[in-house]
Amino acid sequence: MDKRYKVQVKDLHKSYGSNEVLKGINLNVKPNEVVCMIGPSGSGKSTFLRCINKLEEPNSGHVYVDGYDIADPQVNINKVRENIGMVFQHFNLFPNMSVLDNITLAPVQLGKMDKDEAQQAAMHYLDLVGLQDKANANPTKLSGGQQQRVAIARALAMKPDVMLFDEPTSALDPEMVGDVLEVMKRLAQQGMTMIVVTHEMGFAKQVADRVVFFHDGDIREQGTPEDIFDHPQQADTKNFLDKVLNV
Amino acid sequence: MQRNNWKKLIAAFVAILGIVVGWQVVEPQRVSAADEPTYTFATNNTFEPFEIQDSKGGYSGKNPGIEIEILKKIAKHEHFKYKFKPMSFNGDLQALESGQVDAVIAGMSVTDERKEKYDFSTPYYTDGVVMAVAKDSNIKSMKQLRGKTVSAKAGTSAAIYLKDNQKKYGYKIRYFDSSNTMWNDVKTGNTAATFDDGPVLEYGIKNGVPLKILTKKPINAQPIAVGFQKGKNLALQKKINDGIKWLNDTGQMKQIIDKYTKDTKASKTSIDRTFMGLLEANRGALLRGLWMTIELTVIGIIFAMIFGIILGVLGIVNNKFANAISSTLIYIFRGIPMIVLAFFIYMGLPNVIGHKVPLFLAGIITLALDEGAYIGAIVKGGFESVNVGQWEAARSLGLPYSKALIKVIAPQGFKLMVPSLVNQFIITLKDTSILSAIGVMELTQTGTVIISQNMEGFKMWTIIAVIYIIIITLLTWLSNYVQKRMA
């Protein structure tokens, strides 16, 4: 593996039965880089993202995060996951505890912080996502946009060096999308390494250092937002962008 | 707030457990004796006039029955102490075989077949089988029984006689566990005739059972004696035999037997037969039975929950072997009828492990395994119905499997399970009645015993049923309240 990269993926294959979803992906992500992954549904971008923290088990290939190969059975996956934050399409907040407890659960349970520290940290991150007043609320009582911002705060509380976003705004009402994207933009500006699966082309154009276009289980094309959005080289890319941009 | 409620609930639960277990531990010490040996005798709770239980389910009344009086005298004379285990006659024999009891004193007739399996004391009475029909029946002799149904208690000499003569007379045989239900079946006309021990039937008829005896001379007259495990308990055998000889020599034996078969002194004084009267007369026994039912339910549920949670967790972990163990155990214990499981643990297991399983413990193990299997399936289903996204979110934060399960999945799963668990608790309460089959003196068994004395089947079973409904209603209210508070 190469020390210059925060995340390095080599020849990653993943199949469900005879259906090959990932056909040998290679991708390197530098520290502080924001990579947006776009592409049609079923192109494998979400599966790829979930392979990075081993929510999906790759069939072959290597995924190095901070120098650890998550495909190596000797590597303690729980330790590696502590440094990879993940935000899900459906937020997945724990409905059996308050917003504050959602955020402090992992740091306290994993011995990163004591309860007081964790609560202070939680308030700090809630402030960052603009929800300090919701600390004691039950997450099910919040709007979708608020829930997703709590989910971001929860992931940040473990102080990860990489954040994975799996279509974070797809399940939101349109008027909620802006707040969540705003938080993500702020994170990017603060230098967080981010890999984002998204359908928000505006966000990708504005925030991404690199845009990766997935098609049919493979990376078809990648480059700066200008390269991809203004001068796409591949027919599939043009085709996809035509569909999503000209509605 | 929510967590506090749970804590209170758990604290209350633990407190109840503590009291109940403490009571269980202290209880046996109260009866522990000095240096005289204590023997356990299986007996038949409905076998008048040999055994007549009082309203408290014991034998401390004035007329406890021929064999009880004999044993009382012998024990005093021969210096030993005794305890009774009242069961069905079949249960008596099985308890003797498995070593649960030291002897059977239950109007047991000495047959050649039984002599091969058991040792017997000196006989103290001669008993024969007689045939009885309903008071208004037209049946005059056994020849009229062709095609009809007749009854006897399973395992008794009456049953053996019926089996031997079935070809000759062409009747169908139905077996019962207690005289009371059997006689009632004749009274209601379900069976045409019943075959039972002469003195037992005579005593019953004298006390108001509407049957009549047709047999002039008892069939298969056989001696009655105390039965022991073959070649074991020789010291007790000698004591009993010495005692019987002493009773015969002093004329006391005849006195006791005459008291129950010749004059009417032993017959019951008239009692208040209204619902309230019956309730009042049997209040102590019913409360003790109810308490035993509650005790079995509470302790049974606690252990069933422990077993069920283990089964449920084994069923969902990422390990094929553990999953297989879980589903196999659930399959087995859900598949075995609870009564078979109870017999197996109480009467089957002692043959293998070589010592007795205490009755209460056998009841709890039965409940824990049977109800635990159902709870295991509920727990497994509850955990599985928690959204998979919850697992992913917890694991993505770096929480190991166990922490994700305990902190995130289990609390949500249990909330989903509450209605099914409450339902299972109510079923558990009702299922404790099955343990009456091995002689646990819970509410149902208490009812059987009381009815064997007062023959008030309809009224007593109504009372018992109402008691069950009341406690189940209370339990349902309690669980609704808890569920509302949790929501």
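The long axis of helix B:252-261 is offset from the longest Cα principal axis of chain B by roughly 80 degrees. A 1.4 Å probe, protein heavy atoms only, puts the accessible area of A:Arg186 near 90 Å². For the peptides B:104-115, B:166-177, the ranking by mean Cβ contacts within 10 Å, running from highest to lowest, is B:104-115, B:166-177. Note on A:Asp72/B:Gln252: beta-carbon distance plugged into 1/(1 + (r/R0)^6) with R0 of 60 Å gives a FRET efficiency of 0.10. The label-point distance for B:Thr181 and B:Ile336, in a model that sets each label 7 Å from Cα toward Cβ, rounds to 2.2 nm. For B:Asn423, the shell of other residues with beta-carbons less than 14 Å away shows a net charge of -1, using +1 for Lys and Arg and -1 for Asp and Glu.
Note on A:Arg4 and B:Thr328: with the Förster distance fixed at 56 Å, the Cβ-Cβ geometry gives a FRET efficiency of about 0.55. B:Glu36 contributes about 60 Å² of solvent-accessible surface, heavy atoms of the protein only, 1.4 Å probe. Structural descriptor for the stretch A:1-129: relative contact order 20 percent, calculated from alpha carbon pairs under 8 angstrom and at least 6 residues apart.
Summary of the geometry: the stretch A:80-132 and the stretch B:129-173, compared by the centres of their Cα atoms, lie 79 Å apart.
Compute the helix-to-body angle for B:359-384: its Cα long axis versus the longest principal axis of chain B, expressed 0 to 90° and rounded to tens. Once rounded, the angle reads 30 degrees. Each part reduced to its alpha carbon centroid, the stretch B:284-361 and the stretch B:75-101 end up 26 Å apart.
Compute the length gained on full extension between B:Leu214 and B:Ile470: take 0.36 nm times their separation in residues and subtract their Cα-Cα distance, giving the result in nm to one decimal. Contour length minus Cα-Cα distance gives 87.7 nm.
Buried on complex formation within the stretch B:363-399 (loss of at least 30 square angstrom of accessible surface versus the isolated chain, 1.4 Å probe, ligands and nucleic acids ignored): B:Gln390, B:Glu392, B:Ala393, B:Arg395, B:Ser396, B:Leu397, B:Gly398, B:Leu399. Structural descriptor for the stretch B:126-223: relative contact order 48 percent, calculated from alpha carbon pairs under 8 angstrom and at least 6 residues apart. For a straight C-alpha distance cut-off of 18 angstrom, the aspartates and glutamates reachable from B:Lys117 (same-chain residues fewer than eight places away being disregarded) are B:Asp92, B:Glu97, B:Asp102. With each label modelled as a point 7 angstrom along the Cα→C-beta vector, the A:Gln190-A:Lys159 pair spans 1.3 nm. If you sort B:Leu361, B:Leu145 by accessible surface, 1.4 Å probe, largest first, the order is B:Leu361, B:Leu145.
May I ask for the net charge around B:Gly300, where only other residues with Cβ less than 10 Å from the Cβ of B:Gly300 are counted and Lys, Arg are +1 while Asp, Glu are -1?
-4
On C-alpha positions alone, give me the angle between the axis of helix B:2-31 and the longest principal axis of chain B, in degrees, nearest 10. Around 30 degrees separate the two axes. Let's test the formula: R0 of 35 Å, r as the Cβ-Cβ distance of B:Phe458 and B:His79. What FRET efficiency results, to the nearest 0.05? Given R0 = 35 Å and the Cβ-Cβ separation, E is 0.15. Bridging of A:Lys243 to lysines at a Cα separation below 22 Å is possible for A:Lys45, A:Lys205, once same-chain residues fewer than 8 apart are set aside. For the stretch B:126-223, what proportion of DSSP beta bridges, expressed in % and rounded to the nearest 5, is antiparallel? Percent antiparallel among DSSP bridges in the stretch B:126-223 is about 60.
Segment B:Leu361..B:Asn318, full-extension length gain: 12.1 nm, with 0.36 nm per residue of separation and the alpha-carbon distance subtracted.
The mean sequence distance of close C-alpha pairs (under 8 Å, at least 6 residues apart), as a share of the length of chain B, puts its relative contact order at 17 percent.
The values are calculated or read from the model by the stated rules, or taken from the named source; none is laboratory data. Quick caveat: nothing in here was measured; it's all calculated off a predicted structure. FYI the Cβ positions are ideal-geometry reconstructions off the backbone, even for glycines, and counts take in every protein chain you see. We work out accessible area using only protein heavy atoms, side chains counted, and drop any ligands, DNA or RNA first. Shrake-Rupley method; radii C 1.70, N 1.55, O 1.52, S 1.80 Å.
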